[in-house]
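Below you'll find the structure, written out as structure tokens, and then a few comments.
The values are calculated or read from the model by the stated rules, or taken from the named source; none is laboratory data. Predicted model, so just to flag it, every value in this text is computed and none were measured. Neighbour counts are summed over all protein chains in view; Cβ atoms, including those assigned to glycine, are modelled from backbone coordinates with ideal geometry. We work out accessible area using only protein heavy atoms, side chains counted, and drop any ligands, DNA or RNA first. Shrake-Rupley method; radii C 1.70, N 1.55, O 1.52, S 1.80 Å.
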Amino acid sequence: MATPFDPKETVERYFTVIKSLNEFDQKEVRGIIQTLLSPSRRDLCFTGSYYRAVGNIESTLSLKSLRAFQAIAMMARSLFEIAVDIKLTAQTPDSETRIIAFVDVEKLRSARKIVEFKAANPNANVHTSTYQEFITNNASRIEEEAKALWPANYRNVAHWSALKLEKRIEKLGAPFTQIYAVNYPQLSWYAHPGMTGILNLEKESFRMLAGVAFTVMAETYMIVLAAVVKHFQIDKANDKITDMMTLAKMLPFTEGSAQAEELQRALLG
């Protein structure tokens with residue numbers, strides 16, 4: 001006889017998956033990342049994305065109620081985009097050059113907007129000396145580098161890859177394509193204004209939304225962790241680490257200690 005579907009229990013289990021993966025991360029990955037000596041520019045790109053992902057995960061774990069469904073959805077959406085970025089970083093030779101250069105491109109663009117706003121609104125309570133100094137000292141260098149890296153569109157480049165999100169996802173393929181087509185629009189409803197995702201929905205719908213967000217977070221968190229494990233060759237020191245991550249994902253769905261031990265034996269021997 002099939003077990004009756006309990007939405008509340010199912011959502012709680014998916015939340016526990018996030019918690020279990022985070023515990024695995026803290027034990028098997030984070031300590032290695034925190035003790036890196038003389039990280040390269042490419043290393044910094046991976047650790048930067050990793051820490052941003054961890055921030056989303058631990059913020060989610062700090063939420064005490066599904067009333068925070070909007071925050072949960074927004075963090076799941078952000079984590080998906082971080083997973084896209086770290087996977088594209090891994091697949092793109094010398095991606096670190098563009099990633100690090102794009103940081104300055106964005107800073108310059110922001111500084112110029114602030115200075116331009118102040119010029120158009122002289123009475124605004126906005127202090128621009130720091131921004132103007134950054135422009136004066138760095139604009140020429142940043143623009144020259146941007147011209148070399150993105151010659152076709154250096155003034156308006158919106159991402160280090162020079163690709164829109166949809167094109168990045170097409171390049172990466174599964175599982176990103178499915179998440180982007182099926183779940184990403186749903187999650188985006190809660191990052192943008194409007195009534196879509198709110199109007200004419202029953203209370204239970206928001207619990208189910210949290211469940212969708214947790215499943216997306218679990219899958220994309222694993223993608224981030226797998227990319228970090230591969231880049232830093234953690235799997236060379238621990239050839240069971242991928243199976244350990246799978247175990248962390250699956251343990252919340254076991255029924256009792258006997259089943260959990262059986263799963264552990266099956267995965268880890």
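Annotations
- Taking the centroid of alpha carbons for each part, the stretch 26-89 and the stretch 127-160 are 27 Å apart.
- Rule-of-thumb Rg ratio for the stretch 1-117 [Cα; 2.2 N^0.38 Å; N residues]: 1.39
- MRE, 222 nm, helices only [DSSP H, n ≥ 4, -39500 (n - 2.57), over the chain, to nearest 500]: -22500 deg cm²/dmol
- The chain: relative contact order in percent, alpha carbon pairs under 8 Å with at least 6 residues between: 37
- Reachable aspartates and glutamates from LYS8, criterion Cα separation under 19 angstrom, eight or more residues apart if same chain: GLU202, GLU204, GLU255
- Accessible-area rank, largest first, for LYS171, LYS87: LYS171, LYS87, with all protein chains present and a 1.4 angstrom probe.
- The Cβ shell under 11 Å around ALA53 holds other residues with a net charge of -3, Lys and Arg each +1, Asp and Glu each -1.
- Solvent exposure of the stretch 33-134, expressed per residue, is 56 Å² of accessible area, with all protein chains present and a 1.4 angstrom probe.
- Using a probe radius of 1.4 angstrom, the carbon and sulfur fraction of the accessible surface of the stretch 64-174 is 51%.
- Shape parameters for the stretch 74-156, alpha-carbon atoms, Rg then Dmax in Å: 16.1, 48
- Listed residues LEU88, LEU247, LEU37, most fluctuating in the chain (Gaussian network, C-alpha, under 10 Å): LEU37
- Listed pairs LYS87/LYS249; LYS107/LYS147; LYS19/LYS230; LYS64/LYS240 exceeding 27 Å between Cα atoms: LYS64/LYS240
- Computed extension gain for GLN233 through ARG13, at 0.36 nm per residue and net of the alpha carbon distance, reaches 76.1 nm.
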